[in-house]
1. Can you tell me which residue is farthest from K68 (Cα to Cα) among those in segment 1-28 that are hydroxyl-bearing (S, T, Y) and surrounded by 15 or more Cβ atoms within 10 Å (Cβ to Cβ)?
2. Restricting to segment 114-123, name every residue that is in contact (Cβ under 8 Å) with a residue 12 or more places away in the chain and either of a type in the set (A, V, I, L, M) or assigned to a helix (DSSP H, G or I) (or both).
3. Pairs, please: C-beta under 9 Å, at least 6 apart or cross-chain, first residue in contact (Cβ under 8 Å) with a residue 60 or more places away in the chain and in segment 2-14, second in a loop (DSSP other than H, G, I, E, B)?
4. Could you please tell me which pairs satisfy a Cβ distance under 6 Å, a separation of 6+ or placement on different chains, a first residue in segment 15-26 that is free of Cβ contacts under 8 Å to residues at least 40 places away in the same chain, and a second residue that is among the polar types (S, T, N, Q) and in a loop (DSSP other than H, G, I, E, B)?
5. For residues in segment 27-49 being in a loop (DSSP other than H, G, I, E, B) and modelled with pLDDT of 90 or more, which is farthest from the chain's Cα centre (by Cα)?
6. Would you confirm, using the coordinates I've provided, whether A128 is at pLDDT 85 or above and of a type in the set (G, A, S)?
7. T61 - would you say it is at pLDDT below 90, more than 17 Å from R136 (Cβ to Cβ) and not acidic (D, E)?
8. For segment 96-114, give me each residue that is touching a strand residue (DSSP E or B) at 6+ places or on another chain (Cβ under 9 Å), crowded, with 17+ Cβ neighbours inside 10 Å and not polar (S, T, N, Q).
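The values are calculated or read from the model by the stated rules, or taken from the named source; none is laboratory data. If you're wondering where the values come from, they're calculated on a predicted model, not measured in any experiment. We place every Cβ from the backbone using ideal geometry, glycine too, and count neighbours over all the protein chains shown.
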Amino acid sequence: MSDHYHIVKPNIPTGQVYHFVTEYEVEYEVRFARKKENILHAVIAFGVLNDEYEEDEYALTNKGDVFKVMRTIIEILRVYHEKHPNTQVFEFTGIFKPGEAAEQSQRTKLYLRYLPRIFDFYKWDLIADGNKIVIRKKHK
């Protein structure tokens with residue numbers, strides 16, 4: 001059994017949009033957008049594409065596969081970084097679940113647990129401001 005889902009990479013190796021489908025037929029999209037003022041700053045967004053979740057692309061699917069989904073997203077981030085080695089900043093924001101009232105959402109805390117799998121924090125700084133996470137390459 002693979003430790004992540006099959007990743008559908010962009011047709012162009014340096015493309016910005018990746019997809020994967022879970023064993024429960026939930027389709028995810030992971031998108032990397034560049035900031036206009038700094039093309040070496042990538043903002044990461046991911047969500048569900050299935051029609052049943054069209055009202056909330058960041059819906060919690062509750063299929064029991066959150067860890068495999070996270071491993072897949074981390075693998076996509078690793079592949080993207082391999083194709084874009086000059087990227088200096090990665091940024092994403094964890095969305096709160098309805099009724100959640102903490103400084104950081106459970107989703108953000110989950111993302112934070114997985115980040116050391118891709119980023120060597122001797123080479124990268126992690127800045128967490130509530131649900132906004134910024135990972136910035138350290139300058140030598």
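1. Y18
2. Once the filter is applied, which keeps residues that are in contact (Cβ under 8 Å) with a residue 12 or more places away in the chain and either of a type in the set (A, V, I, L, M) or assigned to a helix (DSSP H, G or I) (or both), segment 114-123 yields Y114, L115, R117, I118.
3. Y5/T22; Y5/E23; Y5/D65; K9/G15; T14/H84
4. V26/N50; V26/T61
5. Filtering segment 27-49 for residues that are in a loop (DSSP other than H, G, I, E, B) and modelled with pLDDT of 90 or more, the one farthest from the chain's Cα centre (by Cα) comes out as E37.
6. Here the answer is yes, as A128 does meet what is asked.
7. Answer is yes for this residue.
8. If the condition is that a residue be touching a strand residue (DSSP E or B) at 6+ places or on another chain (Cβ under 9 Å), crowded, with 17+ Cβ neighbours inside 10 Å and not polar (S, T, N, Q), then Y111 is the only one that fits.
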